[in-house]
Amino acid sequence: MHVTRQVTMDDTKTGPLAGFTIGVTAARRADELIALLRRRGASVLHAPALRIVPLADDGELLAATKELIGCAPDAVVATTAIGFRGWIEAADGWGVGEELLARLRTTELLARGPKVKGAIRAAGLVEAWSPESESLAEVLERLLAGGVAGRRIALQLHGEPLPGFVEALRAGGAEVVVVPVYRWMAPEDLAPLDRLLDAVVGGAVDAVSFTSAPAAASLLSRAEERGVREPVLAALRGGVLAACVGPVTALPLQAHGVDTVQPERFRLGPLVQLLCQELPGRARVLPVAGHRLEIRGHAVLVDEELRPVPPAGMALLRALARRPGWVVARAELLRVLPGAGRDEHAVETAMARLRVALGAPKMIQTVVKRGYRLSLDAGGEAKYGEPSAP
C-alpha cells in the first residue's frame, strides 16, 4: 500500500516532523511506524521493500524441528516473537507441537528481547536469560563466555542468515542447528518501491527508515535492477537521511559508504524520536524581513506557522537560501526550476506563487534586471555565516 499524507495549514504547528517526508520500507509493523510518524506531522511514503513468507510447509523447517526433538539441544536462541510463534504453530500443524514444547522445557532458552520473552511465556515456557540491550551480539557474547565447545545450539532465524553469529559459535566448537521459520522475499507489487526510489533520487523525501537489514538490501537490489543504484546511493550519502533501527539493519547501507543514524534502543519509538531530532536539526533557519524562516522538506515554518510550498517554489527558495541576502540571477533560478525549459517567465510565475505560499511577500525582494534575493535581516550574515560569492 502506498500511503501519503499532505500537510495542511491546519496541521499542528509544533509537530517536529511537520513539513518533512519520510519513506517507510517496513512490511511488518508498518502501520505502527506510520502512525507514529504521522502523529508528529510527517508525510509518509510507504514502500514495503520485503514480504514475509512463512515456512509452515517447508521441508527444511520440518527437518530441523524433528532433528531437535530427536536429539536435544543444550541451548535454543529465539530471535523474534513472530518467528518463535510461527515455529510452535507450524509444529502443532505437523502434530509434533507437544513434543517440541517438551524438548524446549529441558533446554537453556535464550530470548533476544522482551517481545520474544512474551512469545516464549505465551507458549508455557520460561526463558533462561534475555539481554537488556535486545542485541544478538550480547547473546553471542554470553554463549561464548560460558564456553560452547561440544554444545549443541539451535538458532531460530529471523528472516535472513546470521553468518557471523553461526560462524562464531562453530569456531568455538559448537554444533549449530539453524531453524528457518520464515524468509524475506521481494514484494509482489514493486510499484511502491519504485516510487520511493524515484523520490529518493529526486530529493522528494527527507529520510528513509529501515527496520531490517533485508529491507535495506532489497531496496538497493531493486535500485540496481532499475539502473539507479548509484544515484540512490548518492542521495543517501547526501541530503536524504538513512535512519536505521539498529546497527545490524545499517550494515547493507554502510557497506556502500552510506552514513546512518540509529537510536540507542533498537525499537520503533526511539527511531521516531531520533528522526524528530535529526530532521529539524538539518533545517535551514534564517531571519528574513523580520520573520523567522525555517526551510523544511516540502514546507516552511514562518514564525512557527507551517506553510506548505509547491515543489517549484521550494526549488527557488533553496536556491535563494544558499546565498541569503545575495542576488540570484533569473537564469540561475531557471536552472533549478523543475521542468521550466528556457523561458525565464516561468521563474516569475513560480516566484509569485512562492510569495503567496510564504504569506509574507516582502521576504523575497525583486532586483530589477538582475534577479531576486532573500531580504535577510541586518546581522543575518554574521549569525548564519557569510554567503558564498554569487
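Which of the residues that make up region 235-265 are surrounded by fewer than 16 Cβ atoms within 10 Å (Cβ to Cβ) and in a helix (DSSP H, G or I)?
Hits for region 235-265 are Arg237, Pro247, Leu251, Gln254.
Does region 256-265 include one or more residues that are of a type outside the set (S, T, N, Q), within 13 Å of the chain's Cα centre (by Cα), at pLDDT below 95 and within 19 Å of Ala216 (Cα to Cα)?
yes
Got a sec? Which of Thr14, Thr4 is modelled with pLDDT under 95, among the hydroxyl-bearing types (Ser, Thr, Tyr) and either surrounded by 21 or more Cβ atoms within 10 Å (Cβ to Cβ) or within 28 Å of Gly202 (Cβ to Cβ) (or both)? Full working, then the answer.
On the way: Thr14 fails: either surrounded by 21 or more Cβ atoms within 10 Å (Cβ to Cβ) or within 28 Å of Gly202 (Cβ to Cβ) (or both).
Result: Thr4 is the single residue among Thr14, Thr4 that is modelled with pLDDT under 95, among the hydroxyl-bearing types (Ser, Thr, Tyr) and either surrounded by 21 or more Cβ atoms within 10 Å (Cβ to Cβ) or within 28 Å of Gly202 (Cβ to Cβ) (or both).
Please determine whether any residue of region 307-315 is small (Gly, Ala, Ser) and in a loop (DSSP other than H, G, I, E, B).
Residues of region 307-315 that are small (Gly, Ala, Ser), as a first pass: 312-313, 315.
Checking which are in a loop (DSSP other than H, G, I, E, B) leaves us with none.
So far as region 307-315 goes, no, none of its residues is small (Gly, Ala, Ser) and in a loop (DSSP other than H, G, I, E, B).
Within region 108-122, is even one residue at pLDDT below 90, open to solvent by less than 60 Å² (accessible area, probe 1.4 Å), closer than 24 Å to Cys71 by Cα and assigned to a strand (DSSP E or B)?
no
Within region 309-333, track down each residue that is under 32 Å from the mean Cα position of the chain (by Cα) and open to solvent by 50 Å² or more (accessible area, probe 1.4 Å).
Pro310, Pro311, Arg318, Arg322
Report yes if Thr249 is β-branched (Val, Ile, Thr), out of contact with any Phe, Trp or Tyr (no Cβ under 6 Å at 6 or more places or on another chain) and within 20 Å of Glu278 (Cα to Cα), otherwise no. It would help to see each step written out before you state the result.
Details: β-branched (Val, Ile, Thr): yes; out of contact with any Phe, Trp or Tyr (no Cβ under 6 Å at 6 or more places or on another chain): no; within 20 Å of Glu278 (Cα to Cα): yes.
Here the answer is no, as Thr249 does not meet what is asked.
Only one residue in Val201, Val208, Val126 is among the β-branched types (Val, Ile, Thr), within 30 Å of Ala312 (Cβ to Cβ), open to solvent by 50 Å² or more (accessible area, probe 1.4 Å) and out of contact with any Lys or Arg (no Cβ under 6 Å at 6 or more places or on another chain). Which one? Give the derivation first.
Numbers: Val208 fails: open to solvent by 50 Å² or more (accessible area, probe 1.4 Å); Val126 fails: within 30 Å of Ala312 (Cβ to Cβ).
Checking each option against the conditions leaves just Val201.
Those residues that are assigned to a helix (DSSP H, G or I) and buried (at least 16 other Cβ atoms within 10 Å of the Cβ), I need them from region 169-197; list them, please. Before you say what the answer is, go through the steps one by one.
Initial filter on region 169-197 (assigned to a helix (DSSP H, G or I)): 169-171, 191-197.
Passing the criteria: Leu169, Pro192, Leu193, Asp194, Arg195, Leu196, Leu197.
How about region 38-55: which of its residues are crowded, with 17+ Cβ neighbours inside 10 Å and either in a loop (DSSP other than H, G, I, E, B) or touching a Lys or Arg at 6+ places or on another chain (Cβ under 9 Å) (or both)? Quick ask: steps written out before the conclusion?
Initially, region 38-55 is screened for residues crowded, with 17+ Cβ neighbours inside 10 Å, giving 40-50, 52, 55.
Arg40, Gly41, Ala42, Ser43, Val44, Leu45, Ala47, Pro48, Ala49, Leu50, Ile52, Leu55 - these are the residues of region 38-55 that are crowded, with 17+ Cβ neighbours inside 10 Å and either in a loop (DSSP other than H, G, I, E, B) or touching a Lys or Arg at 6+ places or on another chain (Cβ under 9 Å) (or both).
The values are calculated or read from the model by the stated rules, or taken from the named source; none is laboratory data. These numbers come from a predicted model, not from an experiment. Backbone-built Cβ (ideal geometry, glycine too); neighbour counts: all protein chains shown. Ligands, DNA and RNA are stripped out before the accessible areas are found, and what is left, the full protein with its side chains, is counted by its heavy atoms. Shrake-Rupley method; radii C 1.70, N 1.55, O 1.52, S 1.80 Å.
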